[in-house]
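The values are calculated or read from the model by the stated rules, or taken from the named source; none is laboratory data. Computed from a predicted structure; not experimentally measured. Virtual Cβ from ideal backbone geometry, glycine too; neighbours counted across all protein chains shown. Note: accessible area is taken over every heavy atom of the protein model, side chains too, but ligands, DNA and RNA are not part of it. Shrake-Rupley method; radii C 1.70, N 1.55, O 1.52, S 1.80 Å.
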Amino acid sequence: MKNRFTLAAVLFSLSVMGAHASGDHATKSAPDTNTTKAGDMDDKAAAVATKLAMTEGEIKKVDKETGKITIKHGEIKNLDMPGMTMVFRVKEPAMLDQVKAGDKVNFSADKINGNITVTKIEAAK
């Protein structure tokens, strides 16, 4: 009796595993590259929006000689950085010609070659 129960349990387990494996195989054999899940698009769109999000700030100092700018800023979400005053590099030196101390700005920053760098800056509206 004990052997029959064990045999039944083993056969049941094998049949369940076989059905599960054949389902996985069918899914993996021909991936559909023309479809995306709605959740995937939402995640990608959110990542792009966060990356491009502008942060409010006030210019404290512009140093054209070193190619750096000091900004008192709010939270920089894409860098997970709280608001503070700090010195940034700028992606393009010409960006320093667009601003002066005291200007209210919106800017984007990202980590480039290990340095937190202002990638876009514009006058606050």
Point to revise | Residue among 2, 51 that is surrounded by 10 or more Cβ atoms within 10 Å (Cβ to Cβ) and at pLDDT 50 or above | key: 51
Check your understanding: In segment 56-82, which residue that is part of a strand (DSSP E or B), open to solvent by 90 Å² or more (accessible area, probe 1.4 Å) and in contact (Cβ under 8 Å) with a residue 24 or more places away in the chain is nearest to residue 120 (Cα to Cα)?
Key -> 56
Revision key, fill the gap. Condition set of a type in the set (D, E, K, R) and either free of Cβ contacts under 8 Å to residues at least 40 places away in the same chain or surrounded by fewer than 16 Cβ atoms within 10 Å (Cβ to Cβ) (or both), scope segment 83-119, selection nearest to residue 57 (Cα to Cα): answer is 104
Check your understanding: Out of segment 99-123, which residues are of a type outside the set (Val, Ile, Thr), within 16 Å of residue 55 (Cβ to Cβ) and either part of a helix (DSSP H, G or I) or more than 24 Å from the chain's Cα centre (by Cα) (or both)?
Key -> 103, 104, 123
